[in-house]
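The values are calculated or read from the model by the stated rules, or taken from the named source; none is laboratory data. Owing to the predicted nature of the structure, the values given are computational and were not obtained by experimental measurement. Note that each Cβ is placed from the backbone with ideal geometry, even for glycine, and that neighbours are counted across all protein chains shown.
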Amino acid sequence: MEELRLQQMTRELCHELYKEWENDEAIYMDMSLFKPYVYAEDAVNKYFDSKQDSSRIIFVIMLSGKPIGELQLKQIDYDNKECTLSIHMQNDNFKGKGYGTKAEQLAIKYAFEELGMNAVNADTVKKNTRSQHVIEKVGFELIKEDDCFLYYRIQR
């Protein structure tokens, strides 16, 4: 596998990532909300700015020096020592090749070793079986579900 690593997201990398972005139908329970993604500089700046807070760390998934996805550790709760993982790959060119699995493994290690978390949570839309497969493959356990989502947790 080519070199894959997580890197802190910057505004420039965010633009580079989203210039080649494609929305994924699998993450929409309500398909009336789905629409193809169209890059817009203002929208990416607004998105990047909206994600800058102390309860979130945004990484860009880098493959051989190019951004291929975004991974967030969000809802970071330092008191209860838990956070939530979120991952989205740039487009279908980078799905089904093990990149998401490797990125999640790196993020879980970071959450436990660098942030001192005791648990990492994740959720996925019920119809997103690819995401469920990866989440379970890296060690998350299903803890509950509702009409739309499956909720997972991995503990140290």
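Key figures
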read-out	value
Test: residue in segment 33-40 that is over 27 Å from Phe149 (Cα atoms), loosely packed, with under 15 Cβ neighbours inside 10 Å and out of contact with any Leu (no Cβ under 7 Å at 6 or more places or on another chain)	yes
Odd one out for Phe48, checked against (1) in contact with a Cys (Cβ under 6 Å, 6 or more places away or on another chain); (2) loosely packed, with under 14 Cβ neighbours inside 10 Å; (3) not basic (Lys, Arg)	(2)
Members of segment 89-122 that are at pLDDT 95 or above and hydrophobic (A, V, I, L, M, F, W, C)	Ala103, Leu106, Ala107, Ile108, Ala111, Phe112, Leu115, Met117, Ala119, Val120, Ala122
Filtered residues of segment 137-151 (kept if over 19 Å from Ala111 (Cα atoms) and part of a loop (DSSP other than H, G, I, E, B))	Asp146, Asp147, Cys148
Boolean, Ala107 is in contact (Cβ under 8 Å) with a residue 60 or more places away in the chain, within 30 Å of Tyr39 (Cα to Cα) and within 12 Å of the chain's Cα centre (by Cα)	yes
Number of the condition not met by Leu73 [criteria: (1) surrounded by fewer than 18 Cβ atoms within 10 Å (Cβ to Cβ); (2) in contact with a Cys (Cβ under 8 Å, 6 or more places away or on another chain); (3) modelled with pLDDT of 95 or more; (4) closer than 23 Å to Tyr18 by Cα]	(1)
Some residue of segment 52-70 being without any contact (Cβ under 8 Å) to a residue 12 or more places away in the chain and either crowded, with 18+ Cβ neighbours inside 10 Å or closer than 23 Å to Val120 by Cα (or both)	yes
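One line per residue, one yes/no per condition, for (1) among the charged types (D, E, K, R); (2) within 29 Å of Lys66 (Cβ to Cβ):
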position	(1), (2)
Ala103	no, yes
Val120	no, yes
Thr124	no, yes
Lys137	yes, yes
Glu145	yes, no
